[in-house]
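The values are calculated or read from the model by the stated rules, or taken from the named source; none is laboratory data. Being a predicted model, the structure only gives us computed values, none of them experimental. Neighbour counts run over all protein chains shown; Cβ positions are idealised from the backbone, glycine included. When the accessible area is computed, the model is the full protein with side chains, heavy atoms only, and any ligands, DNA or RNA have been set aside. Shrake-Rupley method; radii C 1.70, N 1.55, O 1.52, S 1.80 Å.
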Amino acid sequence: MEPSSLSDLLAIRRQKLDALHAADVAPFGRGFETDGAVADVRAKFAEAAPLRAAGRITAHRDMGKSQFLDLSDVTGRMQIFLHAKEVGDEAFAIFQNLDIGDFIGVEGEGFITKTGEPTIRVKRFEVLAKSLRPLPDKWHGVQDTEIKYRQRYLDLIANPASREVFGKRIAIVRAIRRFLEERGFVEVETPMMQAVAGGAAAQPFQTHHNALGMDLFLRIAPELYLKRLLVGGFPKVFELNRNFRNEGISRRHNPEFTMLEAYWAYADFEKMAGLVEELICHLAETICGGLQIAHRDADGNVVKMINLARPWRRARYADLIRGISPDWYELTPELRRARCSELGIDASHCVADFEVTQHLFEKLIEEKTMDPLFVTHCPKELVPLAKQNAEDPSVVDVYELVINGQEISPGYSELNDPIVQRRRLEDQSGGETQKIDQDFIEALEYGMPPAGGIGIGIDRLVMMLTGVESIRDVLLFPHMKPR
RNA sequence: GGGUUGGUAGCUCAAUGGUAGAGCAGUGCCCUUUUAAGGCAUUGGUUGAGGGUUCGAGUCCCUCCCAACCCA
């Protein structure tokens, strides 16, 4: 005859909390020695071996005098067996006040049940944290996207698929660091708050430093600081951390996102392309089970296959455009806009002529390219920080790596001529000289070695490698509108 | 910003304009090897918010809020 609306579910848990207090049991316990995370305990499991484990109760199978429970954390699940005769009547009475969701620590020994499940026979347990709210459905998990994103902890508790994606993300980030360190790159940290938000073309977030009385911007890229380190004598550096862009939120955009940038003195964009190809294949093979990446829909049907087998295709930007429209570069700007309409592309919002071409590229090449493609020799207007090509000064020595219909990684032969660099930045800034990082130009004037540089958008890389279609599914806490 | 779809119990989902339901969770009872445990019983609702049409609205109309997807 007990009610169970939410407030009543909460009230019942509060009553159990009070009962624990009344029995002189601390419902929010203290430290508890364990044999490691749940997965570690499972790995150490042996029949009759003493075992200590702690975790959240995520399932309860009540057989009367015999109680089977699952103890879980993000690493795994371990069954425990609790019996009145083993723990004593007093402890069994305390056990009656536990719920699914509570954290407990147990001490006991291993045994295998009739059905072959490794299990801890509990001799003693401690309440470590009482859960005052009910958990989501144990079988269906959390489906509501609002809850998944706003209360990620519930998603992690209830949805194994989410745990798997984030587990892979963690492994990918760790493997990237190891890969680069093994090749002599050192990880550095450069300013996230910058007086001039340089290194890319994007709207920055603005903030203010009170003591200095000056406006600062959250960085949109670390590039200009990493290049200062090339000037300073670091031959191989990288930074793997957050960038911020004050722009729209979408399936592929979050205002803060994680970027790898790496710079290699005396290398060029071709060498960087080889490095990135090797890195991504290494990640796929060691973390994602191979070079064939399957993307599945909610029912588990394969909707997309990405083939990462080497060598990856390389093609010049202009040749790809000619593949869509052979006479493109013979047309006047007006005729190019008309051609876009014929091809079903709306280029009306594009201002400059090169933007029309770029829009065509994005819609008809980038978005349709699933397997890796290095697009090389891009127009110089798109990339003000890269070296111009020796034979054709209208293009730069860069690649743009496209996989899964998205730009995953750019790589440059970095521009190290301070005079050309100043001119290119002035052209890009449209006369707004306060947007030019003068100190960076000055650093170049002291001399920066020729270098190859890369960026890799980690969120999009993880999306591609784990087969999820929204950036929110690879960010633990994606930005949401406030409630 | 525009379009489409959706928002029902704590969670997952039903419900021709005609008595708001199920499973899980919860509560009570039975069961000493269960594992989506099982059996019996039982509680739980401002149907996103506010208006309107109607004898009667979860369902139709309008406005707003939130989300997902598509477009810009």
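The table below lists the values:
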| quantity | calculated |
| --- | --- |
| Among A:220-227, A:195-202, A:473-480, the order from most to least packed when residues are scored by Cβ within 10 Å on average | A:220-227, A:195-202, A:473-480 |
| Cα shape, region A:168-305, gyration tensor, a/c 1.5 rule | oblate |
| Nearest 10 degrees, 0 to 90: helix A:418-429 Cα axis against chain A principal axis | 70 degrees |
| Per-residue SASA entry for A:GLU256, accessible area with 1.4 Å probe, Å² rounded to 10 | 50 Å² |
| At R0 = 22 Å, FRET efficiency that the Cβ-Cβ distance of A:ARG296 and A:TRP139 yields, to 0.05 | 0.65 |
| Those lysines that a straight Cα-Cα span of less than 17 Å connects to A:LYS304, excepting residues fewer than 8 apart in one chain | A:LYS368 |
| Whole-percent carbon and sulfur share, accessible surface of region A:6-135, 1.4 Å | 53 percent |
| Helix-derived mean residue ellipticity, 222 nm - over chain A, DSSP H n ≥ 4, -39500 (n - 2.57), to 500 | -10000 deg cm²/dmol |
| Proximal lysines relative to A:LYS481, as straight alpha-carbon distance under 16 Å, when same-chain residues fewer than 8 apart are discounted | A:LYS148 |
| Rounded to the nearest 10 Å², the accessible area of A:LEU6 at probe 1.4 Å | 100 Å² |
| Cα long-axis angle, helix A:333-342 against chain A (0 to 90 degrees, to the nearest 10) | 40 degrees |
| Average accessible surface area per residue within chain A, 1.4 Å rolling probe, Å² | 50 Å² |
| Three-way shape call for region A:398-451 based on the alpha-carbon gyration tensor, with the a/c threshold at 1.5 | oblate |
